[in-house]
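Inspection log for the structure reproduced underneath, given as structure tokens.
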Amino acid sequence: MKIAQVAPLYESVPPKLYGGTERVVSYITEELVKLGHDITLYASGDSRTSARLRSVCKRALRLDGGKLLSPLAHHLNLIETVAQDADEFDVVHFHLDYLPFSQIRRLEIPAVTTLHGRLDIPDLYPLFREFGDMRLISISDAQRTPMPWASWLTTVHHGIPEDLHRPSYSSGDYLAFLGRISPEKRVDRAIEIAQQAGMPLRVAAKIDDADRNYFEAEISDLLANSDVEFVGEIGEQDKTDFLGNAAALLFPIDWPEPFGLVMIESMACGTPVIAFRGGSVAEIVDEGVTGFVVESVEEATEAVKQIPSIDRRVCHERFLERFTSRRMCEQYLTAYERGIWEKRRGTRGKRGLTLTF
């Protein structure tokens, strides 16, 4: 198949440090190339790929953030560029949320859209009802909960290359937190769990400008007054050691997590996950096999005591069964074929449009 992958421009593909969506787009792109498909990646010009790269900006927008007038302008330019090229492809796979919907409809672009963010935002509902003819892919079943009526094509869980991380089967001597410092990620809970469990905590986290005030007001004193090692933002090459040498990953979220890539990264390293129930967590963590799903700091502290009951080899094996990029891409190919079949069949959208090639 001739497939276009259209990534956000905020980070390169793959990102140099933090960046979940762009990292997943990279895994999809590279795996599809390995499977023999003709792939064009639309992304920032500093992206690295074995596919054909087309870009509308030289560098990832986060790196040039201080010089930009409008990131939205770059994304609208990207969508227009893809629209002009759309006839080249059997399917265009967008990762830009709802931004391309009008172009998809008016130009009858053969497209699917993976939604990567939270959907429990009422302002979104009228828009998605209007664009009921879009073919949407969720990254967890839980992500769909606020909009079960939307035009879902399928759910495809994220995956990562099976050889990306080397599993560690040692017991680990610290707890790990990896992600962003933000109110919904709740690093404060991780600090409290580690204190109650009497274990060291290492925190590898990005602090966005939008979360800087929260960090300074709520978190910086907690870090300064506790036995926590704050290592800052780390890249892909550092995750194997950081996660693999941990006794467990703490994922103490306080929001409807659409997926949570770090959970499967931890499993790939053979490291169990202790996660608060919410969003996709119960879909990702196999209770007692790859970790524990909890609902309070007290339950998490008790789960820390149960870490030795997890067989780290089995944890890694479950990752290989469920969350590799090869499995993810095979499911996406099925979704592409279904989307193409529906268009050829002349599926009618909400406005009565007949969508055909």
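The values are calculated or read from the model by the stated rules, or taken from the named source; none is laboratory data. This structure is a prediction, so every number in the text was calculated from the model and none was measured. FYI the Cβ positions are ideal-geometry reconstructions off the backbone, even for glycines, and counts take in every protein chain you see. Note: areas computed on protein heavy atoms with side chains; ligands, DNA, RNA excluded. Shrake-Rupley method; radii C 1.70, N 1.55, O 1.52, S 1.80 Å.
Per the listing His165, His74, the residue uniquely touching a residue at least 12 places away in the same chain (Cβ under 8 Å) and closer than 30 Å to Met267 by Cα is His165.
Take the conditions (1) closer than 21 Å to Gly159 by Cα; (2) part of a loop (DSSP other than H, G, I, E, B); Glu30 misses just one of them, which is (2). A count restricted to the range 143-167 and to residues that are among the charged types (D, E, K, R), assigned to a helix (DSSP H, G or I) and touching a Lys or Arg at 6+ places or on another chain (Cβ under 8 Å) stands at 0. Pairs linking a residue in the range 80-91 that is closer than 12 Å to Glu108 by Cα to a residue that is open to solvent by 30 Å² or more (accessible area, probe 1.4 Å) and part of a helix (DSSP H, G or I), with Cβ atoms under 8 Å and 6 or more positions apart or on different chains, are Ala83/Gln103; Ala83/Leu107; Ala86/Leu107.
Filtered by the rule that a residue be surrounded by fewer than 21 Cβ atoms within 10 Å (Cβ to Cβ) and of a type in the set (A, V, I, L, M), the range 89-100 gives a lone residue, Leu99. The set of residues in the range 71-94 that are closer than 13 Å to Ile3 by Cα and either outside any helix (DSSP H, G or I) or not small (Gly, Ala, Ser) (or both) comprises Val82, Asp85, Asp87, Glu88, Phe89, Asp90, Val91, Val92, His93, Phe94. Ser26 falls short on exactly one of the conditions (1) modelled with pLDDT of 95 or more; (2) in contact with a helix residue (DSSP H, G or I) (Cβ under 6 Å, 6 or more places away or on another chain), and that condition is (2). The sole residue among Ser140, Ser170 that is closer than 30 Å to Gly232 by Cα, open to solvent by 10 Å² or more (accessible area, probe 1.4 Å) and assigned to a loop (DSSP other than H, G, I, E, B) is Ser170.
Rundown of residues vs (1) under 23 Å from the mean Cα position of the chain (by Cα); (2) loosely packed, with under 15 Cβ neighbours inside 10 Å; (3) modelled with pLDDT of 95 or more, yes/no style:
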site	(1), (2), (3)
Leu41	yes, no, yes
Arg48	yes, yes, yes
Arg62	yes, no, no
Gly66	no, yes, no
Ser70	no, yes, no
Asn77	no, yes, yes
Glu80	no, yes, yes
Gln84	no, yes, yes
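The listed residues are Thr347, Thr324, and the only one of them that is open to solvent by less than 90 Å² (accessible area, probe 1.4 Å) and modelled with pLDDT of 95 or more turns out to be Thr324. Scanning the range 178-203 for residues being in a loop (DSSP other than H, G, I, E, B) and either more than 22 Å from the chain's Cα centre (by Cα) or more than 13 Å from Phe251 (Cβ to Cβ) (or both) gives a total of 6.
All of Leu175, Leu136 fail the test of being farther than 28 Å from Leu249 by Cβ, among the aliphatic types (A, V, I, L, M) and at pLDDT 95 or above, apart from Leu136. What residue, among those in the range 147-162 that are more than 19 Å from Glu330 (Cβ to Cβ) and either acidic (Asp, Glu) or open to solvent by 40 Å² or more (accessible area, probe 1.4 Å) (or both), is nearest to the chain's Cα centre (by Cα)? Per the stated criteria, the residue is Pro148.
Restricted to helices (runs of 4 or more DSSP H) entirely inside the range 204-289, those with at least 1 residues that are open to solvent by less than 10 Å² (accessible area, probe 1.4 Å), modelled with pLDDT of 90 or more and at negative phi are 236-244, 261-268, 281-284. Just for the range 86-95: of the residues that are farther than 18 Å from Leu53 by Cβ and not β-branched (Val, Ile, Thr), which one is farthest from the chain's Cα centre (by Cα)? It comes out as Asp87. Residues that are open to solvent by less than 60 Å² (accessible area, probe 1.4 Å) and not in a loop (DSSP other than H, G, I, E, B) within the range 101-123 comprise Phe101, Ser102, Gln103, Ile104, Arg105, Ala111, Val112, Thr113, Thr114, listed in sequence order.
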